[in-house]
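In what follows, a single structure is set out as structure tokens and then discussed.
The values are calculated or read from the model by the stated rules, or taken from the named source; none is laboratory data. This is a predicted model, so every value here is computed, not measured. Every residue, glycine among them, receives a Cβ derived from its backbone with ideal geometry; neighbour counts consider all protein chains shown.
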Amino acid sequence: MKLLDFLVCDDIRHEQGDKLSFMGVFGDSIRVNVPVGAPKPISLRLSIFLRFMIEDADTLPDSCKVIFYSDRSEVQVTDLKFNTSGRPKLVGIPLPCVFPVSKEATLSLKATFFSNGQQIFEATSPYELLVQISES
């Protein structure tokens, strides 16, 4: 398996024809504007899209665990089960997530894939996303 895409955006929408639309795609940083004196931490809601290529020699995964980190501390764990038919070449995973942010922070993730309870592949985000809070 190979991680092909890592996208961070405001929202991922499912459309007709088995398509996805990505709203507000970020680069490697996010600036969050909050009112002066706003209570912290704030809840930063994001959508993450991961797409993996499964090669012919790879074992097909039946589950996945995605751990989200803020400043390398675990903040959310998502467990997924796959019901695949046939042998897909690409697996796309849209994930909603909420990060508590009270100061400048870096966000990252680790995805671990399993088949029959055995780990078969692990991938980490190819970069850390910098989140900056500015009060106005």
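What the table below lists for this structure:
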item: Selected residue (only one of 56, 79 is in a loop (DSSP other than H, G, I, E, B) and out of contact with any helix residue (DSSP H, G or I) (no Cβ under 7 Å at 6 or more places or on another chain)); result: 56
item: Any hit, segment 65-84, residues being in contact (Cβ under 8 Å) with a residue 60 or more places away in the chain and over 18 Å from residue 125 (Cβ atoms); result: no
item: Residue match in segment 28-51 (condition: in a loop (DSSP other than H, G, I, E, B), within 24 Å of residue 120 (Cα to Cα) and of a type in the set (Asp, Glu)); result: no
item: Of residues in segment 75-126 being charged (D, E, K, R) and under 23 Å from residue 46 (Cβ atoms), the one modelled with the lowest pLDDT; result: 103
item: Residues of segment 15-27 satisfying the condition of being part of a strand (DSSP E or B), of a type outside the set (A, V, I, L, M) and touching a strand residue (DSSP E or B) at 6+ places or on another chain (Cβ under 6 Å); result: 15, 21, 22, 24
item: Any hit, segment 89-108, residues being loosely packed, with under 14 Cβ neighbours inside 10 Å, closer than 14 Å to residue 1 by Cβ, among the polar types (S, T, N, Q) and in contact with a strand residue (DSSP E or B) (Cβ under 8 Å, 6 or more places away or on another chain); result: no
item: Lone unmet requirement of (1) surrounded by 11 or more Cβ atoms within 10 Å (Cβ to Cβ); (2) farther than 17 Å from residue 131 by Cα; (3) not charged (D, E, K, R) for residue 14; result: (1)
item: Tally of residues being closer than 18 Å to residue 105 by Cβ, surrounded by 15 or more Cβ atoms within 10 Å (Cβ to Cβ) and of a type in the set (Gly, Ala, Ser) across segment 116-136; result: 1
item: In segment 64-81, residue farthest from residue 3 (Cα to Cα) [restricted to those that are of a type outside the set (A, V, I, L, M) and touching a Cys at 6+ places or on another chain (Cβ under 7 Å)]; result: 76
item: Candidate set from segment 89-118 (those that are of a type in the set (S, T, N, Q) and part of a strand (DSSP E or B)); member that is nearest to the chain's Cα centre (by Cα); result: 108
item: Cross-chain or 6+ apart pairs with Cβ under 9 Å, segment 30-43 first and exposed (fewer than 10 other Cβ atoms within 10 Å of the Cβ), then among the charged types (D, E, K, R); result: 35/135; 36/135; 37/135
